[in-house]
1. Determine, from the Cβ-Cβ distance of A:Asp186 and A:Asp911 and an R0 of 56 Å, the FRET efficiency 1/(1 + (r/R0)^6), rounded to the nearest 0.05.
2. Take every DSSP beta bridge whose two residues both sit in chain A, then give the antiparallel share in percent to the nearest 5.
3. In terms of modelled amide H atoms, which long-range or inter-chain residues lie less than 5 Å from the amide H of A:Tyr414?
4. Skipping prolines and chain starts, which residues have an amide H placed within reach, meaning under 5 Å, of the one on A:Asp630, given they are 5 or more residues away or on another chain?
5. Could you give each residue of segment A:874-882 its phi-based ³J(HN,Hα) in whole Hz, using Karplus coefficients 6.51, -1.76, 1.60 with θ = phi - 60°, and x for Gly or Pro?
6. Which one, A:Leu73, A:Leu843, B:Leu69, is farthest towards the positive end of the dipole of the protein assembly as shown when Lys and Arg carry +1 and Asp and Glu -1 on their Cβ?
7. Cross-link partners among lysines for A:Lys620, C-alpha distance below 17 Å, same-chain residues fewer than 8 apart left out?
8. Stretched out fully, how many nm does the piece from A:Glu629 to A:Arg748 gain, at 0.36 nm a residue minus the Cα gap?
Amino acid sequence: MKIHIDMQGLQTESRHRGIGRYTRATTVEFLHAIQGRHDARLLFNAALGGIDEAVVDFAEKNLHPPRTLFGPLRGTSFDNPGNDARREAAERVYSHALDIGGADVVWLTSLIEGYKDDAVMPSDLPRQLTVATLYDVIPLGSGGDLGQSRAREWYMRRIDMLRRCDLLLAISSWVRDDAIQRLGLDESRIVTIGAGVDARFRPASEGDLDARLLHRMGIDRPFLLYSGGTDKRKNVEALFPAFSALPKALRDKHQLVVVGRLDAPTRQRLERAARVAGLDDGETVFPGHVPDDELIRLYQACALFVFPSAQEGFGLPPLEAMACGAPVIVNNATSLPEVVNDPSAMFDASEPSSITTAIRSVLEDPNRAIALRDAGVRRAREFSWPRVAARAVDAMEAAWATFTRPRNAPAPNYSPAAAPVDGASAQIPIYLMDDDNVAELMPALRAWPGLAEWQGPFPTTAVPELERYRAGGWKAVLDPYAVDWPRVLAHESVAVRQVEARQDHEARRRWIGDNASHPLVRQRMVEDDIAAHIAHRLDEDDLARVADALDRLRPSGSARWLVDVTHVASADLGTGIQRVVRSVLKRWLTAPPAGIRIEPVAFRDGLYQHAHGYAAALLKIPVPPGLVEDTVAITGNETFIGLDWAMESLPASADLLHAWRRTGVGMHFIVHDLLPITLPEAFHPQTREAFDRWLRLSTDLADGLHCVSRSTADELATWMRMERRSRTPATSTFPLGVEVPSALESARLDPTTDKALATRPSFLMVGTIEPRKGHEQALDAFELLWESNADVVLVIVGKRGWMVGELIQRLEQHGERGRRLFWFEGCSDAALDALYRASTALLVTSLGEGFGLPVVEAAQRGKPVIARSLKVFREIAGDYPSYFDGTSPAVLATYLARWLAERPLHAPRSDWPTWDDAASVLAERIGEVSTR
Amino acid sequence: MKHITRMLLRRMMAIMARHPRLKRGLVDLVYRLPWVDMRLRQLAARSAHDRALLDLDIKRMPEGSRRSLERMKARMRQ
């Protein structure tokens, strides 16, 4: 079976209550139970919270089910009549979300939502086997609780949906019996699956009890505990007079602790009720909501757990308290006797004296407390979530085996069209296409999707660029024959078929019936329904949101990698990092990883948009006519890749990327280095701060962090360990590549430089002039060499950077400039290649590097390399360079003089990675993390 | 102004939570004035929810969403 599970019970305020706990636990165990037998997909509502917590929770239990994010469509709560049109539209879109994807079973885990929140229920009973969890129908028995008629109308609609479900999973036998009686349900359609208690809820072991926790909460003596909701039916206020009526000596020895989420008005109400009952401040404690680990400690430490609730569908708190070894007494009402199963542990909450008597009987008799503890622990062992899930699976399988309701999607009407349609008809068009009218019909097919009946042979001419891009991405734009006409038509239409002669009405009717379940057909039918019945009550913004929510549910054809080029697309400064971005992206665009479509994207004005212009410029082709840089639509089949170092844009885009994560978008970032952290003195404070922020945001978002060297990966691991990050993404490494232009592409040097390099030993330095690169030490060393009559040349290639004002002045005014000192601030790749070829050796005096691309570039050209002895250079270049240590100019000058005298030989290496290798390895690393 | 309105609304909600009868009476009263009821509920909903980040900018819609919108608008015009 394919099962779609609605997760809104984990998203509304219910997530803080028993329904949330129940939904989480049953879903987790259900997913475990069906592994290898059935497929499940989780549906979340983007207008509600709780998605991150749920996804993390499932992932921690090694569960990674596919998920669909619906919406967001806001302002749909039933309480406001002004929301009616939005809600009706949202319900239709939500029904569509449940419907597509070939589900056999739809499981609504909490139907009673959406009165004051934006939870959405299907507009009608899904055509699939529809299952709902039934927590209770208690409000049916106390109509006053439903308040004014709007609330009643909402509740009765939900009850009507419950009545029509194919299978109800009741959380207790009492709920089942009550529902059968009140709703007149067929007994075979409602199954008790019960509830469970998590293994974390267990009696205290040595060291579990935490006096500091109790002290922090203001608990200074043995205490009675209540945990749960505080709404009227929970009857919490009955505890105050009951506690107050205890004999003074007993009361003085105890406190009453009420745990649960309390808003300010509720807290005031409870505190006042306690005062009215004659209790002093120190006698009652209201810690509010406490996390589970603290709640467990309270259960374990309490002298007695009292649960006076008047109406419960199950009663998880008493069960959890029993599991933790607390003596438990409960009201003898609704489902509670079924949970506790011990008549001696019950009282009649409608009689205050009955609660007092029950409390006294435990507090005054230690043996009775022990007996209750033991019986409670034994009873709690009979409840487990895996058993609940197993009963749910059994019930669904049994219901599925006998499910006979017709599930075929209703076939739409159709209209044959041999000329462009204008959508005047609600029918799905069948385009009668051939070689002559294809150009005319393509825009109509795209605007009004339908089926394409092609008569005659398909054309063999090249498909226009725009159509190639739509069907096959940038790779197809580069290759006129990468996609053919059948593929283009299939991409835009519901179905394509080639015919010798035009089909008759009956054949077409059958064809459209066969495609009635196609997501595009279903979407068009929902659009028509909304347009006909609801759209006139929506403003344009709301209608646009509906259209967007609807269209994003469409399954995307191929997986897409969204490569962030925000910075490089707006200002390519020619930095090493930007060279990496260009080189990898270019290879991915021309030869994408199998099954992946590469889309460069840029963050502009708060949204990510397609960066078609940048992609085309990188590929040195014009943008296909008609291709616009529209907003990126997220369907969940995407992976975001932060290839560029987006220090400035990531703080602005991080919230949006978090939202993308919730839809299932994978997140990967490239870490080029950690230098602002490892060499802070070489960077401006604001750069350090910006880098720190970027690294933290990336780590919070990422599924994978991919480092350009093992050394950088080690530094990253150290940083994550020291920072004790709550998330530790997978890390990997990939090599950077080098590409030596052919000699024909190499530029000619100007005569002065050419002569200087041809007649003297010369040392080339490549990299931005900044403190970390060690230019100052090099220049000092060369001055020493020149003073000692060594006739050597220093060539510096690099833009002026930061914190090097004095050095720049020295370079600009140096007496040797233009003779034995050359500085090229701007240098093309071809000119740089010429300098590499003409120089004697590369000199690398960097104090820290993430990779050190010039080392590999020189080595690949067979040039000797003299480099500082850094771990990263040894990692990437091994024994190839000659290594020096020390930061004094004299040490370097001496080393260079000796090197010139000895000219050590280096074995040539031919195994340097190319950019093809780099792009390919990085793609593999991303793929490995994505499939984990 | 917005801050003051929200503060007043919060205080009013706190008072009503302490006095269920008053709350029931006021809710019933406001319920008879649909426009006021709708505005108050919108205000309360806005203060409870942040703007969703996947919310749409109608001027810069993804192509597929824009097509869907255009189809619905065209159907409405018939």
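Taken together, the values in this text are just the output of simple stated rules run on the coordinates, not laboratory data. Since the structure is predicted, the reported quantities are computational estimates derived from the model, not experimental observations. Cβ coordinates were reconstructed from backbone atoms using ideal geometry, including for glycine residues, and neighbour counts include every protein chain displayed.
1. On the way: r = 73 Å, r/R0 = 1.31.
FRET efficiency, A:Asp186 to A:Asp911: 0.15.
2. Numbers: 5 of 98 bridges.
Given both bridge residues lie in chain A, the antiparallel proportion sits at roughly 5 percent.
3. Distant-sequence amide H within range of A:Tyr414: A:Ile428.
4. Answer set, sorted by chain and number: A:His610.
5. 3J(HN,Hα) across segment A:874-882, in whole Hz: 5, 5, 8, 10, x, 8, 4, x, 8.
6. Of the options given, the answer is A:Leu73.
7. Hits, sequence-local ones excluded: A:Lys475, A:Lys586.
8. On the way: separation 119, 0.36 × 119 = 42.84 nm, distance 3.93 nm.
Full extension of this stretch gives 38.9 nm more.
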